[in-house]
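Some notes on the structure that comes next.
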């Protein structure tokens, strides 16, 4: 008997799209009791990316690509201090996502009081201003959030973790309020993910495994007495962050590990809304020291990694149907390989100047267009799956993006 073939990405995508379109055309809330409610919703977005020149960024963008879409269905139930919810999510972003529907988040939430709640399961990662709302197109005019902080290829790494979180809101009287989140868990990772390529960038040998022992961190945001102004700090750390790869060269074959006992990320954030304007800025740093060697033996080399990045954005609601936005985003990554002597690896730098326009067709449908001028090519990947050596990149280039989203 012939073995059944697995469903193709297109078939999986089509099946989930039918499920989405079969749902209600507006947000649903079904009352099932005096204090019980069930809410069901979702979205579907389809985009297009194209740039001039040879660079492929977020997909096969040198020729233009429609492999740029996301879709989800979510449901939640609430009663008193309890809430249970989950979301299924699928995407296609160039090499990543594969139009496979996955469990995006699924939580059991108990809020004892305003100042203390507990959330467990697959939980949205608290980081910065917008990480917990990555999928909510309706809250921003941008097609692409500033990629220096919210790299779309790292969604599997940044969006959620498996574990638990404490959260709450603490009143400070006339000084405003403080929102806090503290979490602990782990982040499952796939060798097919964008995170796998990010942590294997500029290495000619593929990962065969990638993972970590645990992830921890949190956020603190001060909602200041000044109306519309909030400032915050986010931290995340990863223990025993390790990738394995097989190195094969003439006359030699070995499995090597690249492992960071600790990997630290820090991010400072500020947002100010006034009238029809929204201003935001975030700046962060990442640091790690990797041991490199053969499993079971002491490390033979070390790699010091450091990155800093920031963005500044502004957006204004011009009409009920039109919002404009702009940002400047910058990233700088540096690495030093320590063998018998320190070898500095060339820095990877990219500045991104973006202009966006959002058109609200109706309460369920919106359309966005965006133009980017890129100065540098430091955010491009050069991996065994997609070779883009630094010497062959265009360091001054334009990227155009368009996207439409249906929410229900």
Selection within region 362-383 - touching a strand residue (DSSP E or B) at 6+ places or on another chain (Cβ under 9 Å) and surrounded by fewer than 19 Cβ atoms within 10 Å (Cβ to Cβ): 363, 364, 365, 367, 369, 371, 373, 375
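One line per residue, one yes/no per condition, for (1) in contact (Cβ under 8 Å) with a residue 40 or more places away in the chain; (2) farther than 17 Å from residue 158 by Cβ; (3) surrounded by fewer than 19 Cβ atoms within 10 Å (Cβ to Cβ):
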residue	(1), (2), (3)
229	yes, yes, yes
235	no, no, yes
254	yes, yes, yes
269	yes, no, no
Only listed residue being without any contact (Cβ under 8 Å) to a residue 40 or more places away in the chain and surrounded by 21 or more Cβ atoms within 10 Å (Cβ to Cβ), chosen from 150, 96, 130, 57: 150
Answer residue from region 103-153, given it is assigned to a strand (DSSP E or B) and under 15 Å from the mean Cα position of the chain (by Cα) and is nearest to residue 276 (Cα to Cα) among those: 124
Lone unmet requirement of (1) surrounded by 15 or more Cβ atoms within 10 Å (Cβ to Cβ); (2) over 30 Å from residue 376 (Cβ atoms); (3) at pLDDT below 95 for residue 24: (1)
Number of the exception - residue 225 against (1) within 23 Å of residue 195 (Cα to Cα); (2) surrounded by fewer than 16 Cβ atoms within 10 Å (Cβ to Cβ); (3) in contact with a helix residue (DSSP H, G or I) (Cβ under 8 Å, 6 or more places away or on another chain): (1)
Count of region 374-388 residues which are more than 20 Å from the chain's Cα centre (by Cα) and at pLDDT below 90: 4
Options 339, 289; residue that is under 30 Å from residue 389 (Cα atoms) and at pLDDT below 90: 339
Strands (runs of 3 or more DSSP E) fully within region 196-269 counting 1 or more residues that are more than 18 Å from residue 291 (Cβ to Cβ), out of contact with any strand residue (DSSP E or B) (no Cβ under 8 Å at 6 or more places or on another chain) and modelled with pLDDT under 90: 229-249
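The values are calculated or read from the model by the stated rules, or taken from the named source; none is laboratory data. Everything numeric here is computed off the predicted structure, so don't read it as measured data. We place every Cβ from the backbone using ideal geometry, glycine too, and count neighbours over all the protein chains shown.
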